[in-house]
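The values are calculated or read from the model by the stated rules, or taken from the named source; none is laboratory data. Please read these numbers as outputs of a predicted model, since none were measured by experiment. Note: ideal-geometry Cβ built from the backbone for every residue, glycine included; neighbour counts use all protein chains shown. Surface areas here come from the heavy atoms of the whole protein model, side chains and all, with no ligands, DNA or RNA. Shrake-Rupley method; radii C 1.70, N 1.55, O 1.52, S 1.80 Å.
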Amino acid sequence: MYNFIDLNESQEIHSLPSVAMEYDGYFLENEIKGYTTLKVKGREMLNIDIESEKPSGRNGSYITGQTLPARELTITYMLKTDSNEEFQYLYSLMMKKLLKIEDVAIRFIDQPKVFFYGRYSSTDDIPDDRNWVVSSFTIYCQDPYKYNEPVILLGDPLTIGYLTHYSMKPDEIKIIVGSVATKITVDNVTTGRHIILNGTYAAGNEIKIRIPDNKITKNGQNIMNNLDPQESDFHNFLINNGDVINVTPNSELSLTVRGRTL
């Protein structure tokens, strides 16, 4: 779903700041001459958006709902060059590296196993009469959660071990069909939620269900139309620690999941 590099591989991370940001698989320090990350804000606990009403004649108020806001990461950096001309060129190059049309994977050297997903959204104003600056830009994370590295769980039925305190959506549900079938059902036995696929399936067919991508394939071919939209909990197929997942007909089952925290 997202590309990232192994922080233990070829990039010279030992010379980078501890808060250096890996953004869509690269560090700006390695892409932009004279760029240095100074500090990061926004990785901490989030405030909760509380919805409330204050009835007439009553002290205080009562809560009608609550939601998590989007997360914003503010990256403070220094860009220092040898000339104004070089500064303008590198600043433009930095903008090119940051601008994305979809969310990308983000992590920091001091938290190598924690992932955020977001994209560049805004920047502070930059003076145009100097060749160095200390400034900041913002990464907008529409999903406020932090994610762990993905793990693959195997078995049919499959019992989810401890991964996180929070409910999760699998990145991918992979099924190797065990026998000829006209319906594939993936059940969360614990919660009663399921995904139902109609159609014709042969033993050995490989089914991949990717909820975040809104995609279902059979042997690499799109079969999203096989999803039973009335009977399936496709976008609400959440799993928790201890849940039991199985497939009908009995098949080889694997789940790719990432624990998440706030």
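Quick notes on this one:
- Probe 1.4 Å - accessible area at ASP143, Å² to nearest ten: 50
- Distance (nanometres) between label positions extended 7 Å along Cα→Cβ at ILE101 and VAL151: 3.7
- Close amide H pairs (under 5 Å, H built 1.01 Å from N) link TYR166 with ARG260, residues at least 5 positions away or on another chain.
- Placing a label point 7 Å from the Cα of VAL244 along the Cα-to-Cβ direction, the residues of the range 152-180 with a backbone N closer than 14 Å are 156-161.
- Of the solvent-accessible surface of the chain, computed with a 1.4 Å probe over protein heavy atoms with every protein chain present, carbon and sulfur atoms account for 47 percent.
- Accessible heavy-atom area order of GLU85, GLU252, GLU51, highest first, probe of 1.4 Å: GLU85, GLU252, GLU51
- Sorting 120-133, 57-70, 34-47 by their mean Cβ neighbour count within 10 Å, with the most densely packed peptide first, gives 34-47, 120-133, 57-70.
- Rolling a 1.4 Å probe over the heavy atoms of the protein chains gives the chain an accessible area of 54 Å² per residue.
- Angle between the chain longest axis and helix 84-98 axis [Cα atoms, degrees, rounded to 10]: 10
- Estimated FRET transfer efficiency when R0 is 25 angstrom, pair GLN142-TYR162 (beta carbons, to 0.05): 0.40
- For the range 149-230, chymotrypsin sites (Phe, Trp or Tyr not before Pro) meeting the loop criterion (DSSP other than H, G, I, E, B) and having at most 12 other Cβ atoms within 10 Å: TYR162.
- Rounded, prolate or oblate (a/c below 1.5 giving rounded, otherwise prolate when a/b exceeds b/c) for the range 20-89 by Cα gyration tensor: prolate
- Kirkwood Rh, Cα atoms: Rg over Rh of the range 173-262: 0.95
- For the pair the range 226-262 and the range 15-57, the centres of their Cα atoms are 31 angstrom apart.
- Calculated P(r) tail over 27 Å for the range 64-204, as whole % of Cα pairs: 50
- Long-range Cα-Cα pairs in the range 109-184 (distance over 16 Å), rounded percent: 72
- Computed label-point distance, nm, for sites ASN47 and GLU252 using a 7 Å Cα→Cβ extension: 5.1
- Share of Cα-Cα pairs in the chain lying beyond 33 Å, as whole percent: 39
- Assigned charges on the beta-carbon of Lys, Arg, Asp, Glu; the chain dipole about Cα centre (debye): 500
- Gyration tensor verdict on the range 133-229 (Cα atoms; rounded if a/c is under 1.5, prolate if a/b is larger than b/c, oblate otherwise): prolate
- Interchain or long-range residues, amide H under 5 Å from ILE211's placed H: ILE173
- Using Cβ point charges alone (K and R +1, D and E -1), the dipole size of the range 19-86 about the Cα centre works out to roughly 500 debye.
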